[in-house]
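In what follows, a structure is listed as structure tokens, so that the remarks can point back to it.
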Amino acid sequence: MIKVGSLFSGIGGIDLGFEQAGFEIAWANDIDVSACKTYRHNFPNTHLIEGDVRDIDPCSLLDIDVLVAGFPCQPFSIMGYQRGFNDPRGNLFFEITRVIEIKRPRIVFLENVKNLINHNNGKTFFVIYNTLVRLGYIVKYKVINATDVNIPQNRARIFIVAFLNIEDCERFAFPTAMPLETSIEDIIDRSIKYDDIYYYDSSCRYFKELDAKIVNKTGIYRIDDSGIAMRKWEICPTLKANMGTYPDRVPIIRDNFGIRKLTPMECLALQGYPTIYTFKGISLENAYKQCGNTVCVPVIKSIADNLFAIYN
């Protein structure tokens, strides 16, 4: 089996995509207690190191063929303060290089927000690119949207793949985009009555405006910084981690029973997760946060499929 080591694993979206492509996850690491609960629940046989990546001794880790990392994106996101390497979370990229220097994986796979390319006038990406080159890797990268793999969510991310061998790099190509044929109506069933906690009622300060604006049982809406967005989305807007901190940031629909937020399981479905992937023992707030923090699994699998082909 081709072994993968995973840093900043979260709930395991990258790991799941690689596993679906035929790789074996040798070990994983994350610091978030709730994310680790979800990871263990769905990857019971994977060795999970719960704790700060800065405390890991790379020499203690099993050897791997591929290192994957969805390192913290908030320092580079246009939705945040864009502090980059001035944010302690931004400096966590260099914890990845500590592992690379010791384990020397054949392939390094990184994921982040698409704004990473433009952050600080491109200087941040230049540092990351040149650091990988200095370590002896040949680098390819591409921005891919969830819609490119037939998932109806607007979620564009940058994917960086670095190769220790030039032959591997020459054999690899990023997947080409496919037509978006799946709609949110294929994922959201408006005929199901969910728990009352997901529904807006007259006691909510937004209810009157929501009721006036969301008149049809089609499309999807959201509340943003300026209030209730007038735009009706035909695909899901980007699912964000702040859904856990601000419950009204969860996308909204009208179903057969009223106006409600998407459920965490619907959010997972809009990230391309299989229905067997579930939450257990965490709060609703943490479930939403994890849905926004994770990756679109079919995007990962499409790239991992092409990486797996290198070995055959």
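The values are calculated or read from the model by the stated rules, or taken from the named source; none is laboratory data. Since this is a predicted model, take the numbers as computed values, not measurements. Cβ placement follows ideal geometry from the backbone for every residue including glycine, while neighbour counts extend to all protein chains displayed.
What the table shows:
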| item | result |
| --- | --- |
| Test: residue in the stretch 210-229 that is buried (at least 17 other Cβ atoms within 10 Å of the Cβ), more than 21 Å from ILE151 (Cα to Cα) and modelled with pLDDT of 95 or more | no |
| Qualifying residue in the stretch 283-294 (condition: in a loop (DSSP other than H, G, I, E, B) and not polar (S, T, N, Q)) | no |
| SER202 vs. criteria among the polar types (S, T, N, Q), at negative phi, without any contact (Cβ under 8 Å) to a residue 24 or more places away in the chain and not assigned by TED's automatic domain parsing to the domain that holds PHE172 | yes |
| Criterion: buried (at least 19 other Cβ atoms within 10 Å of the Cβ), at pLDDT below 95 and of a type in the set (A, V, I, L, M) - qualifying residue of LEU116, LEU110 | LEU116 |
| Restricting the stretch 207-257 to residues that are in a helix (DSSP H, G or I) and acidic (Asp, Glu), the residue that is nearest to the chain's Cα centre (by Cα) | ASP248 |
| Pairs, first closer than 18 Å to ILE138 by Cα in the stretch 79-107, second at pLDDT below 90, C-beta under 6 Å, six or more apart | PHE93/PHE71 |
| Options TYR277, TYR288; residue that is in contact with a helix residue (DSSP H, G or I) (Cβ under 7 Å, 6 or more places away or on another chain) and surrounded by 22 or more Cβ atoms within 10 Å (Cβ to Cβ) | TYR288 |
| Count - residues of the stretch 139-182 that are over 19 Å from ALA69 (Cβ atoms) and assigned to a loop (DSSP other than H, G, I, E, B) | 14 |
| Residue, farthest from ILE310 (Cα to Cα), within the stretch 9-38, restricted to residues that are without any contact (Cβ under 8 Å) to a residue 60 or more places away in the chain and of a type in the set (A, V, I, L, M) | VAL33 |
| Subset of the stretch 139-168 that is within 16 Å of ILE117 (Cα to Cα) and touching a Cys at 6+ places or on another chain (Cβ under 7 Å) - its residue that is surrounded by the fewest Cβ atoms within 10 Å (Cβ to Cβ) | LYS140 |
| Residue within the stretch 246-262 that is of a type in the set (D, E, K, R), under 20 Å from VAL149 (Cβ atoms) and surrounded by fewer than 20 Cβ atoms within 10 Å (Cβ to Cβ) present | no |
| LEU307 vs. criteria in the same structural domain as ALA156 (by TED's automatic domain parsing) and not in a loop (DSSP other than H, G, I, E, B) | yes |
| Residue in the stretch 11-31 that is nearest to VAL99 (Cα to Cα), counting only those that are under 15 Å from the mean Cα position of the chain (by Cα) and assigned to a loop (DSSP other than H, G, I, E, B) | GLY12 |
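Listed here are the residues, each with its yes/no results for (1) in contact (Cβ under 8 Å) with a residue 60 or more places away in the chain; (2) farther than 27 Å from ARG205 by Cβ; (3) not small (Gly, Ala, Ser).
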residue	(1), (2), (3)
PRO237	yes, no, yes
TYR246	no, no, yes
GLY258	no, no, no
GLU285	no, no, yes
